[in-house]
Structure formats: structure tokens, C-alpha cells
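Trainee: Just passing along the structure, written as C-alpha cells.
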Amino acid sequence: MMKRTLDTSDLDRYMGKRLEDSLPLEPVAANDIRRWVQAMHYPNRLHYDRGFAQESRFGGRLVAPQSFAITQDDGHGATPACIGLIPNSHLLFGGDEWWFYGPRIHEGDRIYNERIPYDYVVKETSFAGPTCFQRGDSHYFSREGDRIATQRSTGIRYNPAYAVEMQSSENQDEYVWSDAELVDLEDKKFEFISALHDLGHANRSFSSVSVGEQLPTRVIGPHTIPSLTTEWRAYTMTLWGAMTRRKPVELGWVGDMNGKEMDGEWEKVNPEQTDGAYIGPSRGHLFPRYARQIGMPKAYGYGASMGAWALDYLAGWAGEHGYVSYCNTQYRGPAFAGDITVMTGSVTDKVTRTDGGSEVNVKFSLANQSGVVVATGKAVISLSA
């Protein structure tokens, strides 16, 4: 058998250098925030119910969830983690590491993002042989120059022909849920929603939390092609004419995965070929036939959305007086169409910082209905005394 190889020689010229900007053309609108939490299945009234929000500690303008930052980029944070030509390649999301610095995003804000490729390494994997794990940083700032967050994303770049060759063709069928199971799922989903309602505007204080405490279980799904499409359409970058577009760079996508996705000049000619839903590397999420061309058995979810689910899960538990200051989510596999995602977490430590601040450490996981873990993570959540 011919030795499998992956040519990453072009990547070095990008490392540590700021990429061309690609920014939203308008300020954040209230309905941008509402569209986002609806697509991310996060019914926290703080982010969509103006009356409830005005009674919160934020008041006034509608506040966005912390996960909203990734909508202010033209590649949901992946851009600096997939720059450079790797011939005959494709990309999956491998994880997101977040640092949040305090300022929140509100309706009316203008957000700026600086993207800098960080590093990469090639490893041999059972998924696709030689695989490039590439990392890049996105730094989100307010119009006033306040740093909101830093996102370090991991892109998994591989040769899809190798992945198809090495993967089994089994499990192409989606799980079929009975009517009774669907009713039971709605009850389980409402348990987390009820926990949000029960906390309301109250303060989840540092003193009220114990090591070993279990966070309420959060269930979303079943994931479907319509639900995945709804998620995709909530990213600002997928809206026609919503952002300044950087010049296209050859990345090495192959066959049906190649296209003019996010190409600003072609967007003026035929935008349906540029918004990622129908043509180009993102089409594998929504079309099973294209998913199978890159080693996936069926339609599958977006890694960036999975990271948002985790951030929302943690922030919802923390409440409006709490704050996720750090979160590192590592993706082990996608959320496939037909599956559900079950989020669980627990408090592993309580820390009083030298500056007097109080925070708790949390570990969490995301799994499907069979208990297969699709993501794990750890987070630091700041709570008031």
C-alpha cells in the first residue's frame, strides 16, 4: 500500500501573522441575539424577553449570551485554524478554548475580531491516517477597544479519501424515535428550562455551591437536517451581504467540497453558492451524500455549535450574576442527525483568588442517547460571594 502523506508545507508562512479582517457591517441587533439563542436551543429569557431582561442586572439593551461572540467572525472562529494550503484536504472542528475578560455584548455594539494562526502538528490517526491539528486565535474587541474574549480553535485537517478508505460504511441510518420517546424527551428538556426559570434573577452565590454538586442535565435534539440548517442560518457570516469578506485563499478542498463559500465578489453574482448551505465545504453537514464523501456516515452538526451549547449550559447554571471566565471543550465526534445531545457536569473545586474573587471549577461532557461521548471539557465560572 502506498504511504499516506499530508503536505502542510504552506502553513508555516501564516503562523503568528494577523489575517485580513472580515467584519460585520452593522451593529448587533436585538433579533440577531434572539435568532442565535433560538438556533442554539437556549431558552434563557435574559437573551430574548425584553421585559425580563430589563429587570435583570443588565437592564436597558438586550444582552447576548457569551457564546454569541463567534457570530462576529466569518468562520465561527475556525478561520485562523484552517489557513494555508493542504492539497486534497477537508476540515472538521476539533475543539474550542475560550478566555472571557468581562465585557458583555449588547444590542447596538460593534464587534471587531483579530485572527492570528497559532500552531499546528501532524499526527497519525485511526480516522484518516496523517492528520493536521491546527490551532488559531480569534480576539474579539468592542468598538471602544475593550477585549471581550479570546477563542483558540482547533481545526482537524485530513485527506477525505483516506478517511473514506479507513471508515466503516455502517451506521448510515438515523435513529428513529417513537412518539412516546419524543414526549419523554420534551419532559427531559424542560427540566433544564425549569432550572433557568427557578433561578430567575437570583444570585447563585459562591457560598451556596458545594464541591461534587451536579449541574442539571441539559438535553437537546433530536438533531435533524432542519435543526442543523437553523443553526447555520444564525451565524452572521451566512447572511448575504452581512460582512466584509476577505479575499479567498486556496485551502486545498477537493471535489464537491470545493466552491466559493464566503467569496465576497461571487456573493454579488450568485449568493446561493457562497453562503455555505448548498455549495462548498460546509455542505457535508446538511447533505448525507456529501457527508459520506468526507468520511461521515450521515448529516452531522457543527463543532462551533457544540461549543456554544456547552457555554450556554454553563452560563445558564451560573445565572446572570455569574460568569464563565474560561472554558475548554474538546470534540471527540460530531452530533449526528437523529441523535440527541445530553449535557452533564459537576463542580470539582472551589477557589478564592488572591484578588478576593470567587470561582468554581467544573467538568462536563456531551454524549448521545447511547452514552457515546462526543465532547468533554472543563471550565472556570466566577461567582459572587
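Trainee: Would you pick out the residues in the range 343-359 that are out of contact with any Asp or Glu (no Cβ under 8 Å at 6 or more places or on another chain) and either assigned to a loop (DSSP other than H, G, I, E, B) or surrounded by 20 or more Cβ atoms within 10 Å (Cβ to Cβ) (or both)?
Mentor: 343, 345, 354, 355, 356, 357, 359
Trainee: Give the residue, chosen from 149, 195, 161, that is in contact (Cβ under 8 Å) with a residue 12 or more places away in the chain and under 23 Å from residue 95 (Cβ atoms). Before the answer, list the steps.
Mentor: Details: 195 fails: under 23 Å from residue 95 (Cβ atoms); 161 fails: under 23 Å from residue 95 (Cβ atoms).
None of the other options fit; the residue is 149.
Trainee: Let me ask something else. Within the range 50-65, is there a residue that is of a type in the set (S, T, N, Q) and in contact with an Asp or Glu (Cβ under 7 Å, 6 or more places away or on another chain)?
Mentor: Checked the range 50-65: at least one residue is of a type in the set (S, T, N, Q) and in contact with an Asp or Glu (Cβ under 7 Å, 6 or more places away or on another chain).
Trainee: I would also like to ask the following. When you scan the range 360-377, do you find a residue that is of a type in the set (A, V, I, L, M), touching a residue at least 24 places away in the same chain (Cβ under 8 Å) and not in a strand (DSSP E or B), even just one?
Mentor: Initial filter on the range 360-377 (of a type in the set (A, V, I, L, M)): 360, 362, 366-367, 372-375.
Within this subset, residues satisfying the condition of being touching a residue at least 24 places away in the same chain (Cβ under 8 Å) are 360, 362, 366-367, 372-375.
Right, trim to not in a strand (DSSP E or B) and you get 372.
Yes, because at least one residue in the range 360-377 is of a type in the set (A, V, I, L, M), touching a residue at least 24 places away in the same chain (Cβ under 8 Å) and not in a strand (DSSP E or B).
Let's see how each residue does on (1) surrounded by 18 or more Cβ atoms within 10 Å (Cβ to Cβ); (2) in contact with a helix residue (DSSP H, G or I) (Cβ under 7 Å, 6 or more places away or on another chain); (3) in a loop (DSSP other than H, G, I, E, B):
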position: 136; (1), (2), (3): yes, yes, no
position: 148; (1), (2), (3): yes, yes, no
position: 155; (1), (2), (3): yes, yes, no
position: 173; (1), (2), (3): no, no, yes
position: 176; (1), (2), (3): no, no, yes
position: 180; (1), (2), (3): no, no, no
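Trainee: Which residue is surrounded by the most Cβ atoms within 10 Å (Cβ to Cβ), if the candidates are limited to the range 198-235 and must be under 22 Å from residue 299 (Cα atoms) and among the polar types (S, T, N, Q)?
Mentor: It comes out as 227.
Trainee: May I ask you to list pairs of residues, at least six apart or on different chains, whose Cβ atoms are under 9 Å apart, with the first in the range 295-322 being free of Cβ contacts under 8 Å to residues at least 24 places away in the same chain and at positive phi and the second being aromatic (Phe, Trp, Tyr) and surrounded by 24 or more Cβ atoms within 10 Å (Cβ to Cβ)?
Mentor: none
Trainee: Which of the residues belonging to the range 6-49 are in a helix (DSSP H, G or I) and either more than 23 Å from the chain's Cα centre (by Cα) or basic (Lys, Arg) (or both)?
Mentor: Hits for the range 6-49 are 11, 12, 13, 34, 35, 45.
Trainee: Specify which of the listed residues (93, 68) is in a strand (DSSP E or B), buried (at least 23 other Cβ atoms within 10 Å of the Cβ) and among the aromatic types (Phe, Trp, Tyr).
Mentor: 93
Bear in mind that the values in this text are calculations on the coordinates, not laboratory data. Just so it is clear, the structure is predicted and the values come from calculations on it, not from any experiment. No Cβ is skipped: glycine too gets one built from the backbone with ideal geometry, and neighbour counts run over all protein chains shown.
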